[in-house]
Amino acid sequence: CACVCMCACVLVCVLNSRITGHTDFGEFRDSEEAARHVLAFISALIPKAFGSLLTSFCLETASREDVLKRCREDDQYLDDTLLEVSRMWPPFLGSRRVSKVSHTVQGLFIPENMPLVYMTHTANHDESVFPRPGEFSPDRWANENSGDRDRVFTLGSGGRQCVGKVMVNILFKECARALLTNWRWEVPDGQDLSYKWLPVSRPKADVVAIFHER
C-alpha cells in the first residue's frame, strides 16, 4: 500500500527529528546509539502493526477534509481522532491468555489453566459501550464516550498491556502530525477498501493513495 511506504519515510524523519538536537541520552552514549535502540524496539513491535494504524488513519481521513482541518488546528482533537482510528481498526484481531486460577465471569465458569481467546476488534465495537460502533466519530471522545478512553483494548489494558503502548502512541501521533503538516492525500475511487485481519488488519487489495506536498 502506498500509505505504508509514505508512513515508513515519515517515521524515519520523525525519529531523526526527535533524537537529533538532544544532549541527554540517558544510558545511551549518543544520538546514533539511541536511534539504533529505538529502531530495534519498533522492529520488535512488528512494523506491520504500526503501519496498519497509520494506513488506517490515512484511509479513514482521506475524504474527511473537515476532520483533517480540525486535527491540524486542535491537538486534543488529533488525539481523539487517533484513538478513534485505534478503536475501529486495531492491528490485531485478538490474542490469547491462560487462566491462572479458576473463576466465574458473568455466570460462566472458567477452570484453571483454561486457554482463552479474546477479540480486540469485537470489544472495541461493543455497542453497549460505544454507540454506533461502526461509525467513525472522533467527537464521541468529547461526548458520550468521554469516560471510556481506557476501554479501547487495541494495545491491551491493565497489567498485561503492551509494554510499548506509550511509545507506540507517541510515535503514532508524531507521524500523523508530520503527515498533516507536510502532506495532503487522497484515495482514488473504485478501489477495494475492505479489510482482512490476519496477521494484522489491512486492506485486502493493494490500495493506492496519492500524496501531495502542502
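Please specify each residue of the range 186-205 satisfying the condition of being touching a Ser or Thr at 6+ places or on another chain (Cβ under 9 Å), surrounded by fewer than 16 Cβ atoms within 10 Å (Cβ to Cβ) and not in a strand (DSSP E or B). The answer is Lys204, Ala205. Please verify whether the range 45-56 includes one or more residues that are under 19 Å from Gly134 (Cβ atoms), among the charged types (D, E, K, R) and either surrounded by fewer than 22 Cβ atoms within 10 Å (Cβ to Cβ) or modelled with pLDDT under 95 (or both). No. Close Cβ contacts (under 7 Å, 6 or more residues apart or on different chains) running from residues in the range 178-191 that are closer than 19 Å to Asp75 by Cβ to residues that are crowded, with 17+ Cβ neighbours inside 10 Å and of a type in the set (Val, Ile, Thr) comprise Ala178/Val10; Ala178/Val14; Leu179/Val10. Just one of the listed residues (Lys165, Lys173) is out of contact with any strand residue (DSSP E or B) (no Cβ under 9 Å at 6 or more places or on another chain), open to solvent by 40 Å² or more (accessible area, probe 1.4 Å) and under 18 Å from Ser56 (Cβ atoms), and it is Lys165.
For the range 65-183, list the strands (runs of 3 or more DSSP E) that sit wholly inside it and hold at least 2 residues that are more than 16 Å from the chain's Cα centre (by Cα) and closer than 17 Å to Ser52 by Cα; which are they?
Details: elements: 94-98, 103-105, 108-110, 115-119.
In the range 65-183, there are no strands (runs of 3 or more DSSP E) which contain 2 or more residues that are more than 16 Å from the chain's Cα centre (by Cα) and closer than 17 Å to Ser52 by Cα.
Applying a threshold of 7 Å to beta carbon distances and a minimum spacing of six or more residues, or different chains, the list of pairs starting in the range 133-160 at a residue that is free of Cβ contacts under 8 Å to residues at least 12 places away in the same chain and ending at one that is of a type in the set (Asp, Glu) and assigned to a helix (DSSP H, G or I) reads Ser157/Asp150. Scanning the range 104-127 for residues that are within 29 Å of Gln76 (Cβ to Cβ), β-branched (Val, Ile, Thr) and open to solvent by 60 Å² or more (accessible area, probe 1.4 Å) returns a single hit, Thr122.
Any chance the range 176-185 includes a residue that's touching a Pro at 6+ places or on another chain (Cβ under 8 Å), surrounded by fewer than 19 Cβ atoms within 10 Å (Cβ to Cβ) and at pLDDT 90 or above?
Looking through the range 176-185, none of the residues is touching a Pro at 6+ places or on another chain (Cβ under 8 Å), surrounded by fewer than 19 Cβ atoms within 10 Å (Cβ to Cβ) and at pLDDT 90 or above.
Of everything listed in (1) crowded, with 17+ Cβ neighbours inside 10 Å; (2) touching a residue at least 60 places away in the same chain (Cβ under 8 Å); (3) aromatic (Phe, Trp, Tyr), the single unmet condition for Phe130 is (2). Total residues in the range 43-95 satisfying the condition of being in contact with a His (Cβ under 9 Å, 6 or more places away or on another chain) and under 22 Å from Ile210 (Cα atoms): the figure is 1.
The values are calculated or read from the model by the stated rules, or taken from the named source; none is laboratory data. Every value quoted in this text rests on a predicted model; they were computed, and no experiment measured them. Virtual Cβ from ideal backbone geometry, glycine too; neighbours counted across all protein chains shown. Keep in mind that these areas ignore ligands, DNA and RNA; they rest on the heavy atoms of the full protein, side chains included. Shrake-Rupley method; radii C 1.70, N 1.55, O 1.52, S 1.80 Å.
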